Structure formats: C-alpha cells, structure tokens
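Working notes for the structure below.
Bear in mind these aren't lab numbers, they're just calculated from the coordinates by the rules spelled out. Please read these numbers as outputs of a predicted model, since none were measured by experiment. Cβ sites come from the backbone with ideal geometry, for glycine too, and all protein chains shown count toward neighbours.
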Amino acid sequence: MKICLACRKRFEARQWTCPTCGDYPESTGGFLCFAPNLAVENNGFSPQYFSQLTEIETNHFWFEARNQMLQWAFGRYFPHARRFLEVGCGTGFVLAGMRRRFPEVRATGTDIFTEGLCFAQSRVPGTELFQMDARHLPFDSEFDVIGAFDTLEHIEEDEQVLAEFFRSCKPGGGIMLTVPQHRFLWSASDEYAFHKRRYARHDLVAKIHRAGFKIVRVTSFVSLLLPLMLVSRRRRRHMNEDFDALEEFRIGATANRALERVLIIERYLIQAGFSFPAGGSLLAIAERPELAD
C-alpha cells in the first residue's frame with residue numbers, strides 16, 4: 001500500500017497520484033523524487049563517491065563477500081519472499097546480485113541521491129528506483145523484506161528509519177541490515193564517509209527491538225580479518241590534506257584473492273551456524289511478527 005507524503009492518506013494504485021489530494025511526486029533525471037530537496041546534497045554522504053565506488057566494487061573481495069553473504073541470508077531466512085526493497089541502494093551493486101540470484105523476486109531500490117540511482121539504473125535496468133528519504137517512506141505493509149546495507153550509519157535518526165521499515169514491511173516479513181561495528185575502529189575513513197556512528201552489537205539489537213522487530217540472527221563478519229583492519233584503521237586515525245579515502249580498497253590482485261578466500265571460509269562458518277562475537281561489520285536479520293504482542 002502507498003502513502004501520500006502530502007496528506008498521509010493510504011491508497012492502493014499502480015500510479016503515485018494520490019486519489020485524495022491529487023499530489024504526485026516530481027521527477028528528476030527520470031526518477032520519482034519523494035524528497036527532492038535532498039536529492040543532490042545532504043550531510044549523510046558525498047555524491048561524488050558513487051563513480052569511485054562503481055569502479056571499485058566489482059571483483060573487490062569485501063563487496064563480493066558481502067553480496068554472497070546477503071544472498072545466502074535472503075534465501076535462508078526469507079525463502080518465500082517476493083517483494084524486496086533496498087534502502088540506500090547506491091550504485092545498485094547489491095540489487096544486481098540479488099536479481100541474478102533471485103530473478104523471481106520483484107526488487108525496488110531507493111537512494112537519497114539521484115546520482116547514485118543513475119549508476120544503479122545501468123546495473124539493474126527495468127528495476128523500480130526511487131529517490132527517497134529513509135526517514136519518510138511512502139509505504140505501508142508493502143514488502144516482504146527490506147534491506148539496508150551500510151546505510152543506517154549515515155543517518156542520525158536511525159531509530160526513526162527502523163520504525164519506517166517496520167511500517168513498510170509486511171507482517172511475517174523482515175529486515176536485513178549490515179552496519180560497521182566497533183567504536184575502536186573509528187578512523188578518518190568514517191569521517192570521509194559521513195558516518196554518524198559505528199555500532200555496538202547490543203545497541204543495534206536494542207534499536208531493532210524498539211522498532212517492533214524480533215531478532216532472528218546477529219553475527220559479526222569481516223571477523224577473521226579484524227586484526228588487519230585494526231592496524232589499517234589505526235594508521236588512518238586522522239584525516240589530513242594527503243588523506244586518500246579509497247587507499248584501503250586499492251590492493252593487488254594476489255592480495256585480493258587471498259583475502260577473498262579468508263572471507264569465504266568465514267561465510268561457511270556463519271552458514272554452519274557460528275556467530276562471530278567481533279568483526280568489522282554486523283549482520284542482523286529480524287522479523288516483523290504476524291500479530292502484535
């Protein structure tokens with residue numbers, strides 16, 4: 001079900017024209033915009049980053065490993081899902097992987113930046129893509145699964161976003177989240193990426209519970225590489241005029257393959273049921289109960 005952000009009325013329709021007030025979202029760059037004032041610039045991300053990310057993501061061990069884990073988790077915990085929303089889809093790297101693995105699932109992507117959506121459109125042509133503010137989603141019980149992958153840390157009002165996810169998710173459906181973990185890993189890379197926080201496990205779990213979801217699985221990942229990550233982040237503790245935000249992503253092919261193999265082993269352990277207590281990131285899976293408690 002859709003929600004008109006102008007008059008807050010709910011309605012069922014294929015189009016976005018509100019039958020009550022007649023409001024229709026404006027279009028920018030071919031995308032419907034539900035928060036047009038934030039489509040180009042806000043304090044949560046730098047839009048120039050998208051072109052750089054597009055060059056890096058493909059075949060990079062970290063992005064590929066995360067995609068493989070997300071696809072496994074989606075099939076494992078939501079095998080009957082048919083509608084999937086990714087909030088903060090960026091360049092569409094996750095959406096493209098999901099569409100290859102689950103072609104029967106109808107996927108939708110949103111991002112605050114239309115620039116990011118342009119890259120996503122080239123990766124997943126034909127997929128529904130909208131410019132939206134995650135704090136104000138125009139949906140009610142619309143999706144089986146909602147995903148936000150390294151998105152919540154960019155938003156000050158993360159609990160408001162989780163409440164929006166709860167309303168937008170169908171009863172019996174759920175959410176998949178990844179976020180950066182451990183305050184002691186905070187570095188200039190976080191500042192460059194406009195992160196508001198790195199999460200502690202208990203903090204993320206508490207916020208998910210307060211939104212109304214029931215936790216299904218929480219595990220750290222990028223755990224076997226945590227010592228290397230700690231060394232790298234300590235070297236990059238402060239941002240200076242020579243700071244290169246993408247330096248840690250630029251590694252040789254041999255190192256990339258070696259690190260990829262480590263994360264494959266880690267993924268197998270997670271799939272076997274082992275939950276890591278510490279790591280560079282957190283994965284959380286939660287369900288919206290069929291009936292309110």
- line: Binned at 10 Å from zero, the C-alpha pair distances of the stretch 149-232 give percents of 15, 48, 28, 8, 0
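If you wrap a convex hull around the alpha carbons of the stretch 108-191, what volume per residue comes out, as a whole number of Å³? Don't skip to the answer; put the middle values down first.
Values: hull volume 9.5 nm³, N = 84.
Normalising the Cα hull of the stretch 108-191 by residue number yields 113 Å³.
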message: How much length would be gained if the chain were fully extended between N37 and E12, taking 0.36 nm per residue of separation minus their Cα-Cα distance, in nm to one decimal?
response: 6.4 nm
- prompt: For labels at E55 and M1 in the simple 7 Å Cα→Cβ model, what's the distance in nm?
  reply: 4.7 nm
field: Percent of Cα-Cα distances greater than 18 Å, calculated over the stretch 47-91
entry: 42 percent
Fraction of antiparallel bridges per DSSP, the stretch 38-287 only, in percent to nearest 5: 45 percent
- line: Rounded to the nearest 10 degrees, the helix 253-271 long axis (Cα) sits at an angle to the longest Cα principal axis of the chain of 60 degrees
message: What translational diffusion coefficient, to the nearest whole µm²/s, does the stretch 142-292 have by Stokes-Einstein, given a Kirkwood radius computed over alpha-carbon pairs, a temperature of 37 °C and 0.692 mPa s viscosity?
response: 197 µm²/s
- prompt: Given R₀ = 45 Å, FRET efficiency for F184-E290 by Cβ-Cβ distance, to 0.05?
  reply: 0.70
Projected label distance in nm at Q160 and S275, using a 7 Å step from Cα toward the beta-carbon: 3.0 nm
- prompt: Distance in nm between label sites at R82 and A200, each 7 Å beyond Cα in the beta-carbon direction?
  reply: 4.3 nm
- request: Output the lone cysteines of the chain: those with no second cysteine's C-beta under 4.7 Å from their C-beta.
  value: C33, C89, C118, C169
statement: Expected max-MSF residue from C33, C21, C169 in the GNM of the chain (alpha carbon, under 10 Å) is C21
- request: Mind pulling the angle between the C-alpha long axis of helix 114-123 and the longest principal axis of the chain? Nearest 10 degrees, somewhere in 0 to 90.
  value: 80 degrees
query: Around V216, which amide H atoms from residues at least 5 apart in sequence, or from another chain, sit under 5 Å from its own amide H, with H modelled in the peptide plane?
result: I285, A286, E287
- prompt: Where the centroid of each part is defined by its Cα atoms, how far is the stretch 151-195 from the stretch 110-140 in Å?
  reply: 17 Å
- prompt: Using all Cα-Cα distances in the stretch 1-95, what percent lands in each 5 angstrom bin from 0 up to the longest?
  reply: 2, 10, 14, 17, 15, 15, 16, 8, 3, 0
field: Two-decimal Rg to Rh for the chain - Kirkwood Rh, Cα set
entry: 0.95
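Determine the calculated [θ] at 222 nm for the chain from helices alone, applying -39500 (n - 2.57) to every DSSP H run no shorter than 4 residues and normalising by the residue count; nearest 500 deg cm²/dmol.
Working: 9 runs with 101 residues, N = 293.
That comes out to -10500 deg cm²/dmol.
Suppose we flag GluC sites (Glu not before Pro) only when DSSP calls them loop and at most 16 other Cβ atoms lie within 10 Å. Which is the longest uninterrupted stretch of the chain?
Working: sites that count: E12, E41, E104, E156, E157, E241, E290.
Formally, the longest exposed-site-free interval is 158-240.
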